[in-house]
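Heads up: the structure comes next, in structure tokens.
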Amino acid sequence: MSAPLPQPIDHDAPLFVISVAAQLAGMHPQTLRTYDRMGLVSPRRTRGRGRRYSPRDVARLRLIQRLSQDEGINLEGIRRILTMENEIEQLQRQVQELSDLLAASRAAPPGSRVFTADRGGDVRLGRTVQHAWTQRALPGPPR
């Protein structure tokens with residue numbers, strides 16, 4: 001009988017105390033506190049307000065260090081880069097959702113309804129809600 005496969009790794013699980021995260025990232029713990037105050041990294045907090053860093057947080061800290069030390073980018077520039085990366089990831093998820101909906105609509109028999117939208121903006125594929133869209137202002141010329 002084979003052993004059960006391990007559970008997938010949760011890259012967002014708050015595993016590391018600040019000293020361990022600092023060591024993994026090659027930084028001083030005070031640097032991590034500063035980056036937390038600046039919003040460059042946002043570790044979870046314990047009930048006693050202690051910081052707990054995830055593997056994703058440690059990877060982000062390593063990226064910040066590389067951009068700062070190897071590329072010479074200042075912290076405001078790093079903040080902008082990280083913000084743009086987050087926006088790109090969000091847009092990629094939306095593109096994937098829309099691609100899935102389009103593929104489902106193309107695969108459906110002619111005249112059938114693949115998805116519907118209710119008054120609240122929820123998009124439904126069959127009987128399940130796929131995504132609740134929020135309205136956002138699109139960039140455009142000033143009015």
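The values are calculated or read from the model by the stated rules, or taken from the named source; none is laboratory data. Small disclaimer: the values here were computed from a predicted structure and weren't measured. Neighbour counts run over all protein chains shown; Cβ positions are idealised from the backbone, glycine included.
Here are the numbers for the structure shown:
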quantity	calculated
Residue within the stretch 61-74 that is in a helix (DSSP H, G or I) and within 30 Å of Asp122 (Cα to Cα) present	no
Any hit, the stretch 14-35, residues being in a loop (DSSP other than H, G, I, E, B) and in contact with an Asp or Glu (Cβ under 9 Å, 6 or more places away or on another chain)	yes
Residue within the stretch 120-137 that is at pLDDT 95 or above and surrounded by 10 or more Cβ atoms within 10 Å (Cβ to Cβ) present	no
Some residue of the stretch 71-90 being at pLDDT 95 or above, among the charged types (D, E, K, R) and more than 21 Å from the chain's Cα centre (by Cα)	yes
Conditions (1) loosely packed, with under 15 Cβ neighbours inside 10 Å; (2) more than 27 Å from Val17 (Cα to Cα): number failed by Thr46	(2)
Members of the stretch 37-52 found to be more than 15 Å from the chain's Cα centre (by Cα), under 20 Å from Ile81 (Cβ atoms) and not hydrophobic (A, V, I, L, M, F, W, C), listed by number	Arg37
